[in-house]
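Engineer: Pasting a structure below so you can have a look.
The values are calculated or read from the model by the stated rules, or taken from the named source; none is laboratory data. In this text the structure is predicted, and so the values were computed from the model without any measurement. Backbone-built Cβ (ideal geometry, glycine too); neighbour counts: all protein chains shown. Note: areas computed on protein heavy atoms with side chains; ligands, DNA, RNA excluded. Shrake-Rupley method; radii C 1.70, N 1.55, O 1.52, S 1.80 Å.
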Amino acid sequence: MSAAFTRSTAALVRPQLRRLRTSHLSSTPVASLSVFALRYSCSPYASSRLYRYRQTAAAFSTSAIPAKDVTVTFIEPDGNEVKATGEEGTNLMELAHENDVDLEGACEGACACSTCHVILPDDIYDCLPEPSDEENDMLDLAFGLTDTSRLGCQVMLSPEMEGMRIKLPSATRNFYVDGAKPSHH
């Protein structure tokens, strides 16, 4: 193999390696890049770097890590309790819809309304990241706002929430006005 061919192949691989360092870790582009490098016999140094990136991407791939189930209890305004189990990373609004809990979510999770307003226990509220400015703006419109209020579409299930009891407010603006009930998709 000529030195010119090796240099030109390395020149093709180098920008892709740079993109890999700055992009999200994903096994698909890394694996295809490794095949490219091995097929065209790049320098051993470049091939070993590609292999290392592929291994790192596989280790951090979310599909390789099984999601844990988390069980929480929704307390409806009438006192009815609904236990719901969902995978880690599911937001509370989706979990409520999957379990026929009356939590509306008029904007379908776009953080553009306050109809998925929930009231969390103090200890869980303190563990969550601070609400974004957009979420705080929407919470200002929520009925029955408390110190531990959050939008259900912005709170993701985590193992720390196991057994959490989530209170629903006595009303939301959309329920109060038109009586609409959520339906899961």
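Engineer: In the range 72-81, how many are open to solvent by 50 Å² or more (accessible area, probe 1.4 Å) and not in a loop (DSSP other than H, G, I, E, B)? Before you say what the answer is, go through the steps one by one.
Structural biologist: Filtering the range 72-81 down to residues open to solvent by 50 Å² or more (accessible area, probe 1.4 Å) leaves 77-78, 80-81.
If we keep only those that are not in a loop (DSSP other than H, G, I, E, B) too, we end up with 81.
Result for the range 72-81: 1.
Engineer: Considering only the range 93-108, how many residues are of a type in the set (Gly, Ala, Ser) and open to solvent by 10 Å² or more (accessible area, probe 1.4 Å)?
Structural biologist: Taking the range 93-108 first, the residues of a type in the set (Gly, Ala, Ser) are 96, 105-106.
Now narrow it down to the ones that are open to solvent by 10 Å² or more (accessible area, probe 1.4 Å): 106.
Result for the range 93-108: 1.
Engineer: Output the number of residues of the range 109-148 satisfying the condition of being open to solvent by less than 80 Å² (accessible area, probe 1.4 Å), part of a loop (DSSP other than H, G, I, E, B) and not small (Gly, Ala, Ser). Give the derivation first.
Structural biologist: Filtering the range 109-148 for residues open to solvent by less than 80 Å² (accessible area, probe 1.4 Å) gives 109-121, 124-125, 128, 131-132, 135-136, 138-139, 142, 144, 146, 148.
Applying the additional criterion that residues be part of a loop (DSSP other than H, G, I, E, B) yields 109-116, 120-121, 128, 131-132, 142, 144, 146, 148.
Still in the list and also not small (Gly, Ala, Ser): 111, 113, 115-116, 120-121, 128, 131, 146, 148.
Of the residues in the range 109-148, 10 are open to solvent by less than 80 Å² (accessible area, probe 1.4 Å), part of a loop (DSSP other than H, G, I, E, B) and not small (Gly, Ala, Ser).
Engineer: Show the residue pairs that are 6+ apart or on different chains and have beta-carbon atoms under 6 Å apart, the first residue being within the range 80-101 and over 13 Å from residue 151 (Cβ atoms), the second being at pLDDT 95 or above and of a type in the set (Phe, Trp, Tyr).
Structural biologist: That search, which allows pairs on different chains as well, returns 82/74; 101/74.
Engineer: Right, another one. Which condition number in (1) among the small types (Gly, Ala, Ser); (2) touching a Pro at 6+ places or on another chain (Cβ under 8 Å); (3) assigned to a loop (DSSP other than H, G, I, E, B) is the one that residue 96 fails?
Structural biologist: Residue 96 satisfies every listed condition except (3).
Engineer: Looking at residue 84 and the list (1) modelled with pLDDT of 95 or more; (2) surrounded by fewer than 14 Cβ atoms within 10 Å (Cβ to Cβ), which single condition is not satisfied?
Structural biologist: Every condition holds for residue 84 apart from (2).
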